[in-house]
1. Need the failing condition index for residue A:100 against (1) crowded, with 16+ Cβ neighbours inside 10 Å; (2) without any contact (Cβ under 8 Å) to a residue 24 or more places away in the chain, just the number.
2. If we scan the range A:218-228, do we find a residue that is within 14 Å of another protein chain (Cβ to nearest Cβ), at positive phi and more than 27 Å from the chain's Cα centre (by Cα)?
3. Which residues, counting only those in the range B:163-193, are crowded, with 21+ Cβ neighbours inside 10 Å and within 14 Å of chain A (Cβ to nearest Cβ)?
4. May I ask you to verify whether residue B:187 is in a helix (DSSP H, G or I), touching a residue at least 24 places away in the same chain (Cβ under 8 Å) and out of contact with any strand residue (DSSP E or B) (no Cβ under 8 Å at 6 or more places or on another chain)?
5. Which numbered condition in (1) away from chain A (no Cβ under 14 Å); (2) more than 24 Å from the chain's Cα centre (by Cα); (3) not in a loop (DSSP other than H, G, I, E, B) is the only one that residue B:160 fails?
6. Can you find, within the range A:229-250, the residue that is farthest from the other protein chains (Cβ to nearest Cβ) among those that are over 20 Å from residue A:263 (Cβ atoms) and in a loop (DSSP other than H, G, I, E, B)?
7. Go through the range B:40-79 and give me each residue that's touching a helix residue (DSSP H, G or I) at 6+ places or on another chain (Cβ under 8 Å) and under 26 Å from residue B:247 (Cα atoms).
8. Here's a check for you: in the range B:122-157, which residue that is assigned to a loop (DSSP other than H, G, I, E, B) and buried (at least 22 other Cβ atoms within 10 Å of the Cβ) is modelled with the lowest pLDDT?
């Protein structure tokens with residue numbers, strides 16, 4: 001088990017390295033291949049009024065004229081150890097992980113991201129708990145009562161859930177629950193959990209439900225399909241042949257194998273959302289990583305986009321690592337293979 | 001389960017309602033297990049599948065019954081009906097299954113559930129898929145034992161180790177914590193048998209217990225079943241398509257065809273004096289080592305019938321070489337199991353002297 005975890009850890013680190021190379025390539029190599037010169041790259045870092053000489057000076061200062069391996073080395077060092085920028089009179093230190101400074105606000109990207117992380121974290125984790133509980137429960141009941149009214153109603157709603165985009169369900173729920181009924185916050189506000197848990201939940205309840213609705217629909221369908229398959233396995237028949245009560249057959253022998261593939265998907269989904277629940281955050285104007293990314297892209301603020309890319313990739317890799325380890329805990333066959 | 005009502009509705013079933021016979025039919029039989037006029041149907045989109053169609057047989061404690069037949073002859077469906085393991089939603093069962101004086105088809109599902117594992121147990125064809133991959137072998141035996149016995153986990157665990165030891169698993173005390181995938185195929189089937197026998201059942205049903213195993217392991221498993229049977233004095237039903245397996249184990253043999261009984265008798269009757277053309281076909285298609293490989297195997301012509309549209313009359317008549325030898329009854333009248341000699345029943349329209357003649361002159365010499 002320990003060696004298994006170590007193997008997965010090494011794989012995760014290697015993957016992070018690959019991600020950093022790919023990200024570097026996208027931001028610094030691809031433009032060069034497309035014909036942009038070092039000066040063209042540097043022109044994004046200076047004001048509109050800068051002359052050709054200033055631009056060239058900046059290009060040299062930022063190292064765009066160096067060879068690519070050297071540039072990547074500096075990029076990677078910035079991520080791991082931080083970077084120093086010579087701003088003339090002083091040397092400014094950008095602490096690790098250094099993604100650079102925003103073109104617009106001149107702030108370093110990482111502290112900005114850290115500020116927004118709790119919002120995304122609260123949104124994603126809260127929604128995940130809701131959709132896991134409801135989706136799996138509904139899926140199991142649907143599978144056990146296949147063809148019943150409950151099953152057909154639940155699967156009908158679930159089909160709607162997976163088909164309707166968040167910006168539709170989100171706006172609809174805002175208009176009903178917030179504007180018409182006044183039951184929930186109208187979006188745009190976020191209170192830290194530590195400041196006031198009640199307000200925190202009040203602000204987030206509608207985004208949670210909207211986001212969870214989409215995923216719960218998906219998970220209900222997956223769980224139902226998985227459960228139907230599992231309940232036809234030979235070992236379920238064995239469990240019944242032993243004389244176990246049906247409840248125990250379902251909950252002990254049926255549910256666990258059904259949940260393992262769902263665990264994989266759950267890890268991916270959660271990892272993806274931690275990197276920014278773009279649609280939900282935009283719809284409800286929540287100041288999370290997703291909204292930060294959208295703003296950065298709209299403003300062509302490359303260092304921010306770079307930061308979000310790497311942070312999002314990190315979350316996905318991390319979630320996968322956790323899922324792999326959990327998988328081995330759940331399914332004994334994984335440990336040995 | 002719908003079987004309760006249907007079990008009773010059999011009373012109005014003309015074919016079985018021969019004066020007084022039905023009244024007697026509801027009396028508990030003297031045999032330990034008695035199946036009477038069992039019918040199992042599955043409604044499907046293509047039509048009603050008559051998987052078992054009027055099957056009757058009996059079995060006493062300490063005896064082994066082999067049920068033989070091609071795939072789709074209703075062997076496994078019969079065993080699952082006895083165990084009450086069919087899904088009630090898409091199965092229609094009628095008839096009677098008496099186990100130790102109780103009509104299982106007339107009992108509540110909850111009552112049958114309590115009997116499962118304790119009074120009757122089952123082992124399945126493929127032990128890898130029949131054991132739960134997420135739980136250790138020991139956990140699965142402990143669970144089977146504790147559901148029927150109010151004992152602590154540690155007591156159950158000792159019992160599990162003891163059961164594993166009895167079925168011949170070396171280092172049982174440490175292997176009890178292994179997962180099924182860490183066992184070899186033969187060991188896995190031994191563990192499955194240990195689980196089935198953990199509550200000392202009176203009836204053990206083995207559904208193709210050696211089909212998924214290496215040939216070398218098959219004989220060991222059969223030996224084990226035989227040894228354990230004499231030790232536990234349980235009734236055993238062994239279901240197989242392999243005549244070699246029944247020859248090895250069974251004292252009584254039931255040959256099934258298209259959901260009905262074709263021939264029933266002692267192993268001696270079936271192997272030495274078989275009377276049904278289908279049994280002849282099975283014997284002729286079995287390789288014999290003592291013939292030096294010289295004899296050609298004779299396949300049974302044709303294919304097993306559709307269970308949705310079973311041929312009228314004798315279900316075997318389209319494939320029977322001798323169907324012409326009687327006056328067309330084969331195509332119209334369903335043959336009933338009748339006693340050809342004491343304890344030896346045959347469902348065949350051929351006149352007894354014709355059967356004896358064909359067997360003596362045509363079949364026996366070629367085997």
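The values are calculated or read from the model by the stated rules, or taken from the named source; none is laboratory data. This one's a predicted model, so the numbers in the text were calculated from it and none came from an experiment. We place every Cβ from the backbone using ideal geometry, glycine too, and count neighbours over all the protein chains shown.
1. So residue A:100 meets the others, but not (2).
2. no
3. Across the range B:163-193, the qualifying residues are B:163, B:179, B:180, B:188, B:189, B:191, B:192, B:193.
4. no
5. Going through (1) away from chain A (no Cβ under 14 Å); (2) more than 24 Å from the chain's Cα centre (by Cα); (3) not in a loop (DSSP other than H, G, I, E, B) one by one, residue B:160 breaks only (1).
6. Within the range A:229-250, the match that is farthest from the other protein chains (Cβ to nearest Cβ) is A:232.
7. Once the filter is applied, which keeps residues that are touching a helix residue (DSSP H, G or I) at 6+ places or on another chain (Cβ under 8 Å) and under 26 Å from residue B:247 (Cα atoms), the range B:40-79 yields B:51, B:52, B:55, B:62, B:64, B:66, B:67, B:68, B:69.
8. Per the stated criteria, the residue is B:124.
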